[in-house]
Amino acid sequence: MKFIDTHAHMYDSSFEDDLDQVLKRAEAKGCSAIVSVSENLDDALKNLELAEKHKILFPGAGLFPTNLDIGQAEEMYKFIEANREKLVAIGEVGLDYWKVQEEEKREVQRQIFKGFIELAKRLGLVLNVHSRSAGRHVVSMLIEHNAQKVQLHGFDAKASTATAGVEAGWFFSIPPSIVRSRQKQKLVKNLPLTNMLVESDSPVLGPDPKKRNEPANCTIALEAIAEIKEISLNKVAEQLFENSCRLYGKVPVC
Ligand SMILES: [Zn+2]
């Protein structure tokens, strides 16, 4: 079995001491690539460094949606443009209406997100999207701006909201926390297998919220999907690997 972890934060300080072992454990489970997204410029720089050292890592760069600093967003746009050849994704970016509640601030959030959508289209990069309590708004913005290569990570909206994304040909990445989330189980039940990916979102969204998550745990999400869809684990893994490659053609393991 092989898989691609399509959303993780491998620069996180919790991996500082044992990243080698964490990556070895992932490989032993069948992981052939990990997309490491960023939350700010420091993370993005660290991702580039790590990707030089560890061939399994593929860097993404983006600004976490609760960061409303236009100056930082503009710096990030420039960074992405300058490093476009090394990056596989713009992320994580998106909308978070859980943390950001004032309309004025949400407007800034949408403005920054719009910039990332346009940039992803222009550079042909995957948009690795965060949405929290903002599923409908994220979907309508992506449609309005005709986003092309879209991955919705940890999507927390209703399955019916996801339908428009399926019709647009987007992908939804499923984390190991599915084992403790009714909402994610429902989402998987309703999504076609052809529009699903697997992700760890390491170090969070693991099967046990109190423990550090790691890419090897993607197999837990694959097993849960297999069970819900009543399809063999191998078939699920094979289809999701193919989906990952349809989206991330740039990753050489495809
Ligand atoms: Zn994340």
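We did not get these values from a lab; they are worked out from the coordinates using the rules stated. This one's a predicted model, so the numbers in the text were calculated from it and none came from an experiment. All Cβ positions, even for glycine, are placed from backbone atoms using ideal geometry, and neighbour counts span all protein chains on display.
To make sure I understand, if each residue's beta carbon is the centre and we count other beta carbons within 10 Å, what order do Met1, Met10 fall in, fewest to most? Numbers along the way, then the final one.
Numbers: Met1 13, Met10 29.
Exposure proxy ranking, most exposed first: Met1, Met10.
What's the local net charge at Phe3, with K and R +1, D and E -1, over the other residues with C-beta under 15 Å away?
Neighbourhood net charge equals -3.
Please compute the length gained on full extension between Glu167 and Met1, using 0.36 nm multiplied by the number of residues separating them and subtracting their Cα-Cα distance.
Here the answer is 56.9 nm.
Using 0.36 nm times the number of residues separating Ala159 and Thr66, minus their current alpha carbon distance, what extension gain do you get? Each step should come with its number before you reach the end.
Working: separation 93, 0.36 × 93 = 33.48 nm, distance 2.43 nm.
Taking Ala159 through Thr66 to full extension adds about 31.1 nm, to one decimal.
Which number do you get for Rg(Cα) / (2.2 N^0.38 Å) in the chain? Spell out each step's value before the answer.
Values: Rg = 16.6 Å, N = 254, 2.2 N^0.38 = 18.0 Å.
Here the Cα radius of gyration is 0.92 times the empirical estimate.
For Lys184, give me every one of the lysines with a C-alpha distance below 27 angstrom, ignoring sequence neighbours fewer than eight places off in its own chain.
Cα-Cα hits under 27 Å: Lys2, Lys29, Lys99, Lys114, Lys149, Lys158, Lys210, Lys211, Lys229, Lys235.
Cα to Cα, under 16 Å, and not fewer than 8 places away if on the same chain: which lysines meet these conditions relative to Lys53?
In chain and number order, the partners are Lys24, Lys86.
Within the chain, which is the longest segment that contains none of the GluC sites (Glu not before Pro) sitting in a DSSP loop with at most 16 other Cβ atoms within 10 Å?
103-229
Positive end of the dipole of the chain, charges at C-beta (+1 Lys, Arg; -1 Asp, Glu), about the Cα centre: which of Asn40, Val204, Asn243 has its Cα farthest in that direction?
Farthest along the dipole direction, towards plus: Asn243.
On a full-extension model of 0.36 nm per residue, what is the gain between Arg122 and Lys78, subtracting their alpha-carbon distance, rounded to one decimal in nm? Don't jump to the answer; show the numbers that get you there.
On the way: separation 44, 0.36 × 44 = 15.84 nm, distance 1.30 nm.
Gain on extension, Arg122 to Lys78, equals 14.5 nm.
Go through the stretch 61-74 residue by residue and turn each phi into a ³J(HN,Hα) via Karplus (6.51, -1.76, 1.60, θ = phi - 60°); whole Hz please, and just put x for glycine and proline.
9, x, 10, 4, x, 7, 7, 10, 7, 4, x, 5, 5, 5
Quick one: net charge around Leu125, please, counting Lys, Arg +1 and Asp, Glu -1 for every other residue with C-beta under 12 Å from its C-beta.
Working: positive: Arg84, Lys86, Lys121, Arg122, Lys149, Lys250; negative: Glu81, Glu85, Glu118.
Cβ neighbours under 12 Å give a net charge of +3.
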